Amino acid sequence: MPTPPFPSARALAVTADARLADDLVRLCAAAGIGCDVVSDAVDDLRRARGAWGAAALALVGADLAREVAVTLPRREGAVLVAHSSGAGEDAALWRSAVEAGCEHVAVLPEAEPWLMERLADAAEGRPGGGVVVSVLGGRGGAGATTLAAALAVTGARQGIATLLVDADPLGGGIDLILGSEDAGGLRWPQLQGAAGRVPAGALRDALPRIEGLGVLSWDRGDLLAVPSAAMSAVLAAARRSSDLVVVDLPRRVDTAVECALAASDVTLLVVPAEVRATAAATRVAAAAGVVAADLRLVVRGPAPGGLPADVIAESLGLPLAGELRAEPGLAVALEHGEPPGRAGRGPLAQFCRRFVTEACSTRRAA
């Protein structure tokens with residue numbers, strides 16, 4: 001998968017050390033980001049104030065750290081860079097970093113892999129990334145896929161850059177629930193060999209777009225599992241390319257699902273308001289809870305025996321994220337290929353609007 005060009009993303013390297021400048025230009029080129037070098041002291045630094053503030057990433061050579069400290073304003077994410085010169089250098093480099101307002105220190109060549117990651121993030125413009133929400137059912141037919149699709153559709157309707165990931169190979173294909181099985185683009189079989197760092201922009205552009213959101217689903221082939229390395233790499237790229245990533249998970253917790261749960265900021269467990277469904281969900285909650293950092297319950301009505309949502313939450317030992325009241329027209333709409341949440345009405349859409357707004361605003365605040 002080719003790395004897309006990012007002509008507007010540029011780093012600024014401030015150093016008079018020719019060897020260090022050459023290394024930084026080389027690393028920037030490898031990460032797909034341009035690099036401007038300021039190599040002389042105070043006068044050139046003053047003229048570079050505009051570029052300093054606009055640069056996707058600021059790299060400060062240890063040789064000009066003092067000049068940067070007295071000439072340029074503090075800025076977020078600046079990195080002090082130096083070549084290794086032996087034992088006892090760490091304290092002096094960190095003092096220089098603090099003086100120049102740098103948040104990180106990178107000693108080359110040891111820190112080249114770390115610095116490459118920072119540069120690649122800067123090239124893609126998303127160093128923090130979006131929020132990842134996983135959804136799984138407490139029993140078969142709980143409605144997890146419907147909720148996952150509705151969350152993603154709601155995010156897209158709110159103007160949020162959203163990616164929906166179908167991680168359940170036996171679920172029938174989430175593109176069907178969106179009514180767009182024939183949309184062109186990559187599916188999981190073409191990504192099963194992904195590992196390491198997947199270019200976020202390339203992934204975003206290669207996936208089908210349905211209802212204004214990116215969708216990663218399955219084809220009708222024989223692939224029934226995703227390697228854990230591919231799941232981790234794809235979700236990391238998805239987080240960098242989107243503000244909201246929604247993952248539809250199967251009930252079985254294999255190594256790939258564990259990777260998805262570990263990557264998730266929030267995991268929603270959907271349980272119908274029934275005694276047997278609650279009993280079945282106990283094992284799912286126990287397995288997912290070992291890995292998921294934040295596991296919450298969503299109770300779906302109707303409740304044939306009047307089982308209250310708070311009793312189900314207490315039984316499972318999970319916080320209650322919300323209740324979904326019965327929605328009689330939903331099943332018919334899904335059969336007709338109407339994506340859930342598209343109309344913005346009904347209990348499902350109301351829950352999704354509230355949850356997406358809270359999740360994304362919490363991520364931005366963090």
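The values are calculated or read from the model by the stated rules, or taken from the named source; none is laboratory data. As the structure is a computational prediction, the values presented were derived from the model and not from experiment. Cβ atoms come from the backbone with ideal geometry, glycine included; neighbour counts cover every protein chain shown. Note: areas computed on protein heavy atoms with side chains; ligands, DNA, RNA excluded. Shrake-Rupley method; radii C 1.70, N 1.55, O 1.52, S 1.80 Å.
Some notes on this structure:
- Answer from V257, V291, V356 - the residue that is in contact with a helix residue (DSSP H, G or I) (Cβ under 7 Å, 6 or more places away or on another chain), hydrophobic (A, V, I, L, M, F, W, C) and touching a residue at least 60 places away in the same chain (Cβ under 8 Å): V356
- Taking the criterion of being more than 30 Å from H336 (Cβ to Cβ) and in contact with an Asp or Glu (Cβ under 8 Å, 6 or more places away or on another chain), the residues of the stretch 179-208 that qualify are R197, P199, A200, G201.
- Test: residue in the stretch 187-197 that is in contact with a Pro (Cβ under 9 Å, 6 or more places away or on another chain), farther than 29 Å from L318 by Cα, open to solvent by 10 Å² or more (accessible area, probe 1.4 Å) and of a type in the set (D, E, K, R): yes
- Taking the conditions (1) outside any loop (DSSP other than H, G, I, E, B); (2) modelled with pLDDT of 95 or more in turn, L318 satisfies each one other than (1).
- In the stretch 333-352, the residues that are over 17 Å from R300 (Cβ atoms) and either surrounded by fewer than 11 Cβ atoms within 10 Å (Cβ to Cβ) or of a type outside the set (A, V, I, L, M) (or both): E335, H336, G337, E338, P339, R342, G344, R345
- Restricting attention to the stretch 264-313, the residues being under 20 Å from the mean Cα position of the chain (by Cα), aliphatic (A, V, I, L, M) and crowded, with 16+ Cβ neighbours inside 10 Å number 7.
- The listed residue being basic (K, R) and either in contact with a Ser or Thr (Cβ under 8 Å, 6 or more places away or on another chain) or within 14 Å of L108 (Cα to Cα) (or both), out of R75, R46: R46
- Helices (runs of 4 or more DSSP H) contained in the stretch 2-104 and holding at least 1 residues modelled with pLDDT under 85 and open to solvent by 50 Å² or more (accessible area, probe 1.4 Å): 42-47, 49-54, 90-100
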